[in-house]
Amino acid sequence: MNSGTRSLWGGLRVAVLALLWGSTFLWIELALRGLSPLQVTFVRCALGALVLVVACYATGHRMPRGMTVWRHIAVAAFFCNALPFALFSLGQQTVESGLAGVLNATTPLWSIALGLALGSERGLRPVRLAGLLLGFTGTIVIFAPWQTTGATGWGALAILGAAASYAVAFTYMGRTLVRRGTPTISLSAAQLVAASGLTAVAMPVGGLESIDVGPAVVTAAVVLSVFCTAITFHLTYRIINDEGATNAAVVGYLLPVVSVLLGAVVLGESLSVRVVLGMVVVLVGVGLTRRKAAVAVASASASASVSVSGDGERGEPGTGRPDSVEPGSEAPATEKPASVEPARGDTARRTLLENAR
């Protein structure tokens, strides 16, 4: 797959993730009309886990094995699923779905801060930094914190805590779980299983209240679990695996656009000129961050394709030189005795490279 096609698929995956993730707040709002916050959290974890476990085995994969990987999965499940899901449900008791999506858009900023603190975000380029700051500015314009007080303020703090928890989880998943030989479908299925167990332990605290289940509540719970939890979570894992934790978090900047529009159309929430202007700023910021991410992925792929020589050693393409030999210098005499003539193919390739230079 060439870099253009890879970039197109990456952008499409981000768009689908933003649409599903952004609609999460609408479905939470509807599910809360018949379920408690902890009940909503448990249902989306348990049903989402069931979907991913079936998908895992249907595609010929198995659940992860070993205590070490499961310990990492348990930690990730707490910060990426159990804790933020519960905080979102609690916060949305007093915060509208559109505003919840806007607040969740602070995840990339938390992720950048963690990356810089841990040293995983080195050499943050100006274009990408400008995109992140622009996205944050658009979020502030939509949020208008100077207008938020009372119960809404406490709910907003809960959702900000959920956004920060996502950033911790993405960083942790990127450092301990992805690119270690376990398929992402297996990791995502196992993590939702672990999150279901963690939430079940907390059910006696606030999950045994009476429920008021109607068609709208059931529909909201199913859509929230299958599309906005199972599918969204797996896509998030794929982006962390392919592009890194910060690029996965950047998707959060698109959530205000989706959540505010859905809140206005479906739930009749307010939509002002200020909010529309903020969404435009957010989209421009995301465009800047995605353009730089696409260039980075293409550059990494190009580097990987030219870093392996014909005989399997890393070095200049076609030369057979290892990385330890600087371009233009000769290999140590101990590696190639003077009595051994170089292969004709190597000599010809070197001659062509020298002529090209």
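All conditions but one from (1) touching an Asp or Glu at 6+ places or on another chain (Cβ under 8 Å); (2) under 12 Å from ALA194 (Cα atoms) apply to ILE73; the one that does not is (1). Looking across the range 1-31, just one residue is in contact with a helix residue (DSSP H, G or I) (Cβ under 8 Å, 6 or more places away or on another chain), at pLDDT 65 or above, open to solvent by 50 Å² or more (accessible area, probe 1.4 Å) and more than 20 Å from THR106 (Cα to Cα), and that is TRP27. Within the range 178-199, residues that are among the charged types (D, E, K, R) sit with their Cβ atoms under 7 Å from residues that are part of a helix (DSSP H, G or I), at 6+ positions apart or across chains, in these pairs: ARG179/ASN241.
Here VAL178, VAL213, VAL217 are screened, and the one residue that is open to solvent by less than 30 Å² (accessible area, probe 1.4 Å) and not in a helix (DSSP H, G or I) is VAL178.
The values are calculated or read from the model by the stated rules, or taken from the named source; none is laboratory data. Treat the numbers as computed from the prediction; the structure is a model and nothing was measured. We place every Cβ from the backbone using ideal geometry, glycine too, and count neighbours over all the protein chains shown. Quick note on the areas: whole protein, heavy atoms, side chains included, nothing else; ligands and nucleic acids left out. Shrake-Rupley method; radii C 1.70, N 1.55, O 1.52, S 1.80 Å.
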